[in-house]
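A.B. asks: One structure is given below, represented as structure tokens, and several questions about it will come after.
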Amino acid sequence: MKKSATRRPLIAGNWKMHATRAESVALIDGIKAAAAGARDREVVVAPPYTALETVARAIADTAIGLAGQNLHWESKGAFTGEIAGEMLKDVGCTYVIVGHSERRLFFSETNETVRQKIAAALRAGLKPIVCIGETLREREGDNTLPVIERQVRDGLAEFGRDVVRGLAIAYEPVWAIGTGQTATPEQAQEVHAAIRALLRELAGDSGGEAVRILYGGSVKADNIDSLIAQPDIDGALVGGASLDAAAFARIIAFR
Ligand code: PGA
């Protein structure tokens, strides 16, 4: 099946807990040219909180978008160490990553907190990039699709069609993140197609078709082309390779 031309590919770099302000500026300088040459696709970076303002300034004259890596579900309050969606918006973010598997694994996030955080992002005027994905154990136990279905249904419960159609979903098999073990394009496409079917159910045919489903998990310069050639892979959420300007520039320039 041919890829829908209505979905503008999205390449997002998740810097995780990396990069000082100076390193962030160097990284942005290294990808500006690639991003400028790629008008038919969208490029977003998610630096650590401490570098957001610096990066916002560095990308002011570019089409590169800014994302937070996480947010709290409340707008303000006594939540030491947390950051609200409104604060991300204030510093220049347009996107926020929600429910990354590292948040689920190390910080006890659940499908329910993911749902609350999507709501908080929308309140703040941020576009959520919602992460889902199965562990190795779940895949080996033949539970990939049931796990994905629960994450989608519970995470997106109660949101209307208009909300769902505006989301970006990142399918990131946990066993592929940071391991160098990328899902094959066929493995990824199989799950992306299942996610698309669920989204059509939740948001109607046209809504489900509109959602961008990104793949994440050891995306590199040498595998992006075959991944994004799949009909339901509409972009990538890139960790490690997004910290290498040349590699990320090549990923942005996928063909
Ligand atoms: P990776 O990370 O590209 O380093 O595997 C992807 C992610 O965690 O978003």
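A.B. asks: Taking Ala36 and the conditions (1) under 28 Å from Arg7 (Cα atoms); (2) in contact (Cβ under 8 Å) with a residue 40 or more places away in the chain; (3) small (Gly, Ala, Ser), which numbered condition does it fall short on, given that it satisfies the others?
C.D. replies: With (1) under 28 Å from Arg7 (Cα atoms); (2) in contact (Cβ under 8 Å) with a residue 40 or more places away in the chain; (3) small (Gly, Ala, Ser) applied to Ala36, the lone miss is (2).
A.B. asks: Would you mind finding the one in Arg212, Arg196, Arg255 that is more than 14 Å from the ligand (Cβ to nearest atom), surrounded by 18 or more Cβ atoms within 10 Å (Cβ to Cβ) and either more than 16 Å from Ile129 (Cβ to Cβ) or not charged (D, E, K, R) (or both)?
C.D. replies: Of Arg212, Arg196, Arg255, the one residue that is more than 14 Å from the ligand (Cβ to nearest atom), surrounded by 18 or more Cβ atoms within 10 Å (Cβ to Cβ) and either more than 16 Å from Ile129 (Cβ to Cβ) or not charged (D, E, K, R) (or both) is Arg196.
A.B. asks: Counting only residues that are of a type in the set (S, T, N, Q) and open to solvent by less than 40 Å² (accessible area, probe 1.4 Å), how many does region 91-133 have?
C.D. replies: 3
A.B. asks: Something else about it: On the basis of being under 20 Å from Trp15 (Cα atoms), at pLDDT 95 or above and open to solvent by 30 Å² or more (accessible area, probe 1.4 Å), does Gly240 make the cut?
C.D. replies: yes
A.B. asks: Can you tell me which of (1) in contact (Cβ under 8 Å) with a residue 12 or more places away in the chain; (2) within 29 Å of Thr135 (Cα to Cα) is the one Phe106 doesn't meet?
C.D. replies: (1)
A.B. asks: Test Trp73 against the stated conditions and say whether it is open to solvent by 40 Å² or more (accessible area, probe 1.4 Å), touching a Ser or Thr at 6+ places or on another chain (Cβ under 7 Å), of a type outside the set (Gly, Ala, Ser) and in contact (Cβ under 8 Å) with a residue 12 or more places away in the chain.
C.D. replies: yes
A.B. asks: For region 33-69, enumerate the residues that are within 18 Å of Ala121 (Cβ to Cβ) and in a strand (DSSP E or B).
C.D. replies: Selection gives Glu42, Val44, Val45, Ala46, Gly65, Leu66, Ala67, Gly68.
A.B. asks: Among the listed residues Thr179, Thr144, identify the single one that is open to solvent by 40 Å² or more (accessible area, probe 1.4 Å) and β-branched (Val, Ile, Thr).
C.D. replies: Of Thr179, Thr144, the one residue that is open to solvent by 40 Å² or more (accessible area, probe 1.4 Å) and β-branched (Val, Ile, Thr) is Thr179.
A.B. asks: Can you name every residue in region 22-37 that is in contact with a Pro (Cβ under 9 Å, 6 or more places away or on another chain) and surrounded by fewer than 18 Cβ atoms within 10 Å (Cβ to Cβ)?
C.D. replies: The answer is none; no residue qualifies.
A.B. asks: Here's another thing I want to ask about it. Could you list, in sequence order, all residues of region 90-108 that are within 12 Å of the ligand (Cβ to nearest atom) and assigned to a loop (DSSP other than H, G, I, E, B)?
C.D. replies: Once the filter is applied, which keeps residues that are within 12 Å of the ligand (Cβ to nearest atom) and assigned to a loop (DSSP other than H, G, I, E, B), region 90-108 yields Gly99, His100.
A.B. asks: Also, I was wondering about something else. If Lys220 meets every condition in (1) open to solvent by 40 Å² or more (accessible area, probe 1.4 Å); (2) under 16 Å from the mean Cα position of the chain (by Cα); (3) farther than 21 Å from Tyr95 by Cα; (4) in contact (Cβ under 8 Å) with a residue 40 or more places away in the chain apart from one, which number is that one?
C.D. replies: In the conditions (1) open to solvent by 40 Å² or more (accessible area, probe 1.4 Å); (2) under 16 Å from the mean Cα position of the chain (by Cα); (3) farther than 21 Å from Tyr95 by Cα; (4) in contact (Cβ under 8 Å) with a residue 40 or more places away in the chain, Lys220 misses (4) alone.
A.B. asks: If we scan region 184-192, do we find a residue that is open to solvent by 40 Å² or more (accessible area, probe 1.4 Å), farther than 26 Å from Ala241 by Cα, more than 15 Å from the ligand (Cβ to nearest atom) and modelled with pLDDT of 95 or more?
C.D. replies: The answer is no, given that none of the residues of region 184-192 is open to solvent by 40 Å² or more (accessible area, probe 1.4 Å), farther than 26 Å from Ala241 by Cα, more than 15 Å from the ligand (Cβ to nearest atom) and modelled with pLDDT of 95 or more.
A.B. asks: Take Ala19 and decide whether it is open to solvent by 10 Å² or more (accessible area, probe 1.4 Å), part of a helix (DSSP H, G or I) and touching a residue at least 60 places away in the same chain (Cβ under 8 Å).
C.D. replies: The answer is no for Ala19.
A.B. asks: Which number in (1) open to solvent by less than 10 Å² (accessible area, probe 1.4 Å); (2) assigned to a helix (DSSP H, G or I); (3) of a type outside the set (S, T, N, Q) marks the one condition that Ile11 misses?
C.D. replies: (2)
A.B. asks: Right, another one. Filter region 151-176 down to residues that are open to solvent by less than 30 Å² (accessible area, probe 1.4 Å) and in a helix (DSSP H, G or I) and give me whichever is nearest to the ligand (Cβ to nearest atom).
C.D. replies: Ala176
A.B. asks: Report the residue count in region 118-139 for those that are under 24 Å from Val45 (Cβ atoms), of a type outside the set (Gly, Ala, Ser) and away from the ligand (no atom under 16 Å from the Cβ).
C.D. replies: 5
The values are calculated or read from the model by the stated rules, or taken from the named source; none is laboratory data. Predicted model, so just to flag it, every value in this text is computed and none were measured. Don't worry about glycine lacking a Cβ; one is built from the backbone with ideal geometry, like all the others, and counts go over all protein chains shown. Side chains included, ligands, DNA and RNA excluded: accessible areas come from the protein's heavy atoms. Shrake-Rupley method; radii C 1.70, N 1.55, O 1.52, S 1.80 Å.
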